[in-house]
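The block underneath contains the structure these notes are about, expressed in structure tokens.
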Amino acid sequence: MTRDMERGNQTYGEKISYVAISPDGSIVATFNPYGSSILITKVATSKVATSENAEIRFNRKKFFDMKPSNILGWSLTVSDIIDSENNIGLIAISCITDEDMNPKLKTRHKKLNRRAVKLLVYSISINLFLILNFLFIPYPLFILFLCISLYYCFYNLRYIVNNIKPLTWNSSKGIMKLFKFSFENSNNNSTNMNNVSDTSIYKYCLGGVVSFLKNSKNSSNCATLVCTNCIKIQKIGIKLNELNELTVHDEDDYILPENLYKELESFEDSRCNWKYLLKSRFREFLMVDTSDYQQIQSIEIYDINTSQLVNVFYRRRREKDFIISRNNEPGIFAISTDSRLFAYSCGDNIITTYLMESGLEVVSKKFNNICKIKFLEFIEKDKKLFIIEADKEHNVKFHIWIISGCLNDYFSISREDIGLSDSNISILSKYDEHQNTFTKANGKVIFYNKADEKQFSIVHEVSIKRAAFGENDPATDEHEYQSCDLEPWNNNATTIRGKFLYNDRRFLLLIGQNSIQLWKSKSIKFMDFNNFKFFENSNLVYILISDKIKPEIKTKFLIEDDMTTVIIHACKSLVYLYNRKHVSSIEKHQMFVSGITNIIKDFIRKYPDNWKLIEIQYPLIAYLIYSRSFSLIKYILFENAEKLHRPQSKYVSYPYYSDLKLYEDFKLNNEDLKLNDEDLKSVNDLELALEFRKDKDTVILAYLLEYYTENSMTHIGWMINVTKILPKLPANYAELLYYKPCFGGINYNFPNKRFKELSVSEDNLKVYMPLTRLKTTESLTFSEYKQIGDEELHNIYMVPLPNFTTYNTNITKKFRGKLGTIFYWLRKILFPPGYKNLSDKDLSPFLQINKKNKGAFFNAPVMEAVITLRWKQTKYYWMISLLFYSTFLILFAFSVINDDDLIETENDFFIILDRIYMGIFYYAGIYLLIIEFMQMKKYKTEYFKIFNIFDLCSIMLGIIVFTLISIKSFDETNGVDGEGIVVLMTLTTLILWIEMLLRLRLFARIAIYIYIFGNILRSIIPFFAFMLILIVAFGHSMFVLFAHPSFLNLIPSAPNFTLNDGTTNFTLTGESPDNPFDTIWDAILSAYYWDTIDLSPYHYWPLKLFAFIANVILVLVLLNMVIALMNDTFNKAKEDGKLGLLVYRTELINDYERLDDLFFSESLYNSQYICFHRDPNLMKKWMIKSQELKEVKLYSWYNDEDVSKEEITFDNGVDINLWYAFITGNESLNSASGSSTPDHLTLWF
């Protein structure tokens, strides 16, 4: 038996045919490599496609220039219609060889790829440039540049060869060809079928699994073709021009994700790799399923359109998984048509569903009567999951899982139910060999019909016969009740009709003025109608309150989706009761609220997985938030072992949002909330809770924040809404929120271990950006991502805020024309960049946060990591400003030093040199002034802070003084004399050097010292005021004392000196000493310099005593106080210096990321995830406080004891399970036959 996938397994004696479906599910193509044509069919809505057809000639012999000897198989794909007017589409066929699917078969080991060659060319070009400029470059500097460039080149080449093996692969013997077809000219497509010429329109020497992407260019005349082999993913852009001619060009080629490449490299058989890639690709998504023996299984999903990692999904392994997962195959998966849900099975009888947006697991359901799952697909607008099973005898069976959350959610179906023939079943039974014979797209599953190549079966709808509860209820006796007790929300009393449902006295159905209620007896059954005693002897099991229920119309009771309908109607009723809370009987009104709450709680308690499914399909938490159902929200979030709530970013993303009429139910035009329908679509549960800030309503926000932050330690997806709401969060939440454990970082548990370090060398905190996108083979940045070993990986933590620093940086550019382009580039080269026309809401959440609460925000370790991530590129930009200012200062200093030599010279060289340096000075000054004026225009009043004002004044003062020096205006004729300009130069020089010091805050250590100095200054100002008052007091006292020397004998004696010339003594009398307290200012200064004053000429004893007291206070006490105060203040200022550094960096980052048209790359490291090396020594202070607040909840201020007082629950003695069996139809019902009343209203809201 030969092993040739193209000819099929010889055991079955057949040749494999291939089937493909377009991304939107509208076109199906079939192809046999030994046939003469490719058949294209437009899919109809019926199960068997018999609609428009087209044919393309195919000649196997002409497909190759030289036929490969090791053909593995073929791959077929068909595009959507790219020209709706002419019904034109595209077909791509790829011939796959062993080399395409086996990374071990590298036939050209010595040939490096273009990226390696590119690095070599760059290095050689740099060296040639250096050689040509050898005469102008000092020899040592030339040698240094040469060594650096050679090292860079060979380092990267070595890294490529040793660490990135796929980059060195450049071998493919496969061929891919592109064909064009049209349903309008189908006759032309099939003309001359016997013609042996090749009808392809494009040829590409690469083999692999091919597929077209859906709406890749958002244009009807474009398409993107993707070819995937065991090494890379090649994207090819195709555009149809006005003449219906195709232009084809290479877009990008991406290296396979490292984990996927390693998986393929571990296989010996090329067929295994082919099957693995086939099962890993779906639409624009690529799944990477790790197959190691770890307890937690990781599944990565990449989007080929954006080349980004969509999310990582975790699945806890079970014992059987260790056997199943080693079959050299990835898991079976399906993605919903709206890309919202992800379903996965490892091939056993368990299906796990996830939310694509957050990566959170929803439910994991085990199907006991299924042996092995072989295929999954969402159908019927993602309402159902279509399952194909292979039983122990390898027979194929079909199943449906309804994922709406209803109790009757699983059904086995026969092949007749989906219109499959024996031919389809025979192919499906050999699915592992024939996975090319059926396919799926956009909620449609296509089965190839082996008996008739022109026929295939389509499964996109599966009808399930489910009896709606209540629809066959026959007419029975009715009884009338008063509405004052049964509808306390209505102030006008009317009668309510009641009857026993299905004549069963266990259930009493009440239809009132605007409600439908179903009550179950707490005993075996009601004796009669009068036996009904409200909540006293009955349990409320269903209720719908709506103004759409009209008493004048005979309403028919109908529940179409068992408990899903019951829960939705219960939530709607809570909202209605909240809107009607001003009633006459508050007690009865509250009893209904408690009764409805009990319906929901009991369902959650018994069927938590069904609740989870309902909750991800319908925005039920929104109803509970609006209705202020505090106890129910707390029960869902905290009082259950299951994690019952999953965050979603927008209400409009819920598939049944429009059906629920959420905006109509909420009545958002009231005084509580001012939101229109469009606003409501874009908000989520956290944002809705934020809108309610009155009194105790704010506890809902605290509940949700506590729930998300508590669970985020296991998965970062819990925080997707916290990221969005953080900028809007009230300041009183921040102090406690930022000390939650997750803000110290969560464990990095992604399967990818490559990181790019983004820390600045002077920073202690190491920050990393994980590799979360597909890298192109020509990317020069791939080598920047280093692999971190397992021994260090446990110290890597993640910032728990996905997309915290990301936003759309692309701004629509206006057409400029040639002249406009010239001015644009001149402005970009000569002047600083302007600001983007973006409002704050268009920026990243990090930039939107109001950082007034500096202590809590900047003390959180994750915030320092975020700031460090964005700082590296910001620092490079502001270094340009520092360079300009350094030039400005140096030239000013040069002019000041040489100001005495400003004389006329006739030397032309010095004149030109003087003019050049003056021009450079003014250019640097104007450049810096433009930056300040643009900031002033951008930030308006927020600009006027002390540092900004100092920046502006220092530059303006420097330009003014430099101008005065330049024009030699030293005489009084121009109003400035020599003394004035010297003083002005002195003052300006001091100011400019202080400004230089402030600009050096770009460097961490200098910045910290500056902030330490500022903090010390602020701390000791009160002490200086105290000391100044004492000095003034003593100085003023001494001034008063010395004001009347004649009265107090304070006239100092003149000093006498004796001079001996050898024979005679001469007595000399010196001058009387000056009064040190002559004026009030001299007195104060003398008091300040008290220890330097000589009072010995004065012999007035009260003065001696006064001087002694002053010396003790001013010199001894104050000096020691200053020393002690400085010591304590320095230690505190040192801690606050780091805070000042982070604040300063945040301000610069905020300004930098608002700039437009930078010379630097605009990729601002927009990674979803930020990682950092967690060092306990750097976050010791935060960890201590976090431990102190560990047991404090965000909602601890709220006392909910009064809520639980009036709670209604089902009695333990009542068999409420009978109700669940009753509504799902699992209990036999004796319903009499009868026709329904014609004038009824079927309710479904």
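The values are calculated or read from the model by the stated rules, or taken from the named source; none is laboratory data. Quick caveat, the model's predicted, so the values are computed rather than measured. Here Cβ is always computed from backbone atoms with ideal geometry, including for glycine, and neighbour counts include all displayed protein chains. SASA here: full protein model, heavy atoms, side chains in, ligands and nucleic acids out. Shrake-Rupley method; radii C 1.70, N 1.55, O 1.52, S 1.80 Å.
Could you list which residues have their amide H under 5 Å from that of LYS180, counting only those 5 or more apart in sequence or on another chain, with H placed in the peptide plane?
Placed amide hydrogens put ILE91, ILE201 under 5 Å from LYS180.
Using a 1.4 Å probe on the protein heavy atoms only, what accessible surface does PHE526 show? Give it in Å² to the nearest 10.
For PHE526, the solvent-accessible surface is approximately 0 Å².
What's the FRET efficiency of VAL1117 with THR1079 using the Cβ-Cβ distance as r and R₀ = 30 Å, to the nearest 0.05?
The computed FRET efficiency comes out at 0.65.
At 1.4 Å probe size, what's the solvent-accessible area of PHE823? Round to the nearest 10 Å².
Its heavy atoms expose roughly 130 Å² to the probe.
Per-residue accessible area for GLU357 at 1.4 Å probe radius, Å² rounded to 10?
90
Top to bottom by accessible area (1.4 Å), largest first, where do VAL1040, VAL866 land?
VAL1040, VAL866
Distance check, please: which entries in LYS520/LYS550; LYS262/LYS372; LYS440/LYS753; LYS556/LYS694; LYS374/LYS661; LYS650/LYS836 exceed 31 angstrom between their Cα atoms?
Where the Cα-Cα span goes over 31 Å, the pairs concerned are LYS440/LYS753; LYS556/LYS694; LYS374/LYS661.
Put VAL593, VAL652, VAL312 in order of accessible area, largest first, 1.4 Å probe: what do you get?
VAL652, VAL593, VAL312
Keeping every protein chain in place, order ARG580, ARG628 by accessible area at 1.4 Å, biggest value first, i.e. largest first.
I get ARG580, ARG628, largest accessible area first.
How far, in nm, would the chain grow between ASN1131 and LYS836 when pulled straight, counting 0.36 nm per residue and subtracting the alpha carbon separation?
102.0 nm
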